[in-house]
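Taking it in order: structure first as C-alpha cells, then the write-up.
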Amino acid sequence: MQLFMKNIFKRGNARENNTEGCCTTGTASSHKRAAGIKLNIQTLLSACCALILVSGCATSNKISQDFKPDTDFKVFKTFAWHNFASEIPNTNNSAIKNAIEQSLTQQGFQLVSEAADLVVDMNIITQQSIASSPRFGLSLGLPIGNHGSIGLGTSKLLGSNNSQEGLIIIDITATTTHQAIWRGTAEAMPMSHFLVRNERQLNAVLKNLIAQFPPK
C-alpha cells in the first residue's frame, strides 16, 4: 500500500513538473514572439524614416541639362571662367567657384588662364517658390545673365508672397564658335543651402550638376 501511494505521488509530481515546464516554455516562446514583433516594427520604422529622408533629398532640387546636338565634346580639354554672378547675399562665391573647378577637373578638364577651349558662365538667382507652379525648364536657347543678351531680373522672378528658392544656371561656351554648347540648371534650391555652414550640401548639388557634363 505504501509502495502504491509512493507511485501515485511520483506521478503527480511528474505531471506538475511537466505542467511547469510547459508554462515556462510557453512564456519563453511568448517573449520571443514579442521581441520579434518589436524588432520588425523598429526595422519597418527605420526603413520608413530612411525612405522619407531619401525622398526629401531627391525632391529638394531639380537638376537638368540641355546641350547643342551634334557637338563633339571630346575635342574640348581646357576651360576658363567668363562670368560669375550671384543675387543671393553672403554666398561664399570663391568656394562655389572652387567646387565647380574641382568637379570639372574630375571630369577630365583643365583650368587655364588663357586660350581655353571652353568658358564657363554661372548665375545664381532667386525665384518665387510655389509648389503648384511649373519650373522654368531653362533651355539652352534662352540667354541668361551677362553672357547673354538679357538677364532674369529679380522683379520678374519674385512675388510679394511665398518663400524664395535658389536657381543655379551654368552655361558652357565653345571659344572657337562663341556658341553655348551646354547648360546645366539646379532648380528649387533651398536658400539655406547657400549659407556657409551648409557648404557641404551645396557642393553635393554642384557636383551632381557638373557630373552631367559632358553629356553622355
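Every number in this text was worked out from the coordinates using simple rules, so none of it is lab data. Every value quoted in this text rests on a predicted model; they were computed, and no experiment measured them. As a convention, Cβ positions derive from the backbone with ideal geometry for all residues, glycine included, and neighbour counts pool all protein chains shown.
The aspartates and glutamates whose alpha-carbon is closer than 13 Å to the alpha-carbon of Lys97, local same-chain residues fewer than 8 away aside, are Asp121, Glu199.
Extension gain Thr78-Leu195, at 0.36 nm per residue separation less the Cα-Cα distance, in nm?
Separation in residues times 0.36 nm, less the Cα-Cα distance, equals 39.1 nm.
Net charge in the neighbourhood of Lys68 (other residues with Cβ under 13 Å of its Cβ; Lys, Arg +1, Asp, Glu -1) is -3. Net charge of the neighbourhood of Ala85, taken over other residues with C-beta under 14 Å away and scored Lys/Arg +1, Asp/Glu -1, is -2. Lys77: which aspartates and glutamates have alpha carbons under 14 Å from its alpha carbon, excluding same-chain residues fewer than 8 sequence positions away? In chain and number order, the partners are Glu101, Glu114, Asp117.
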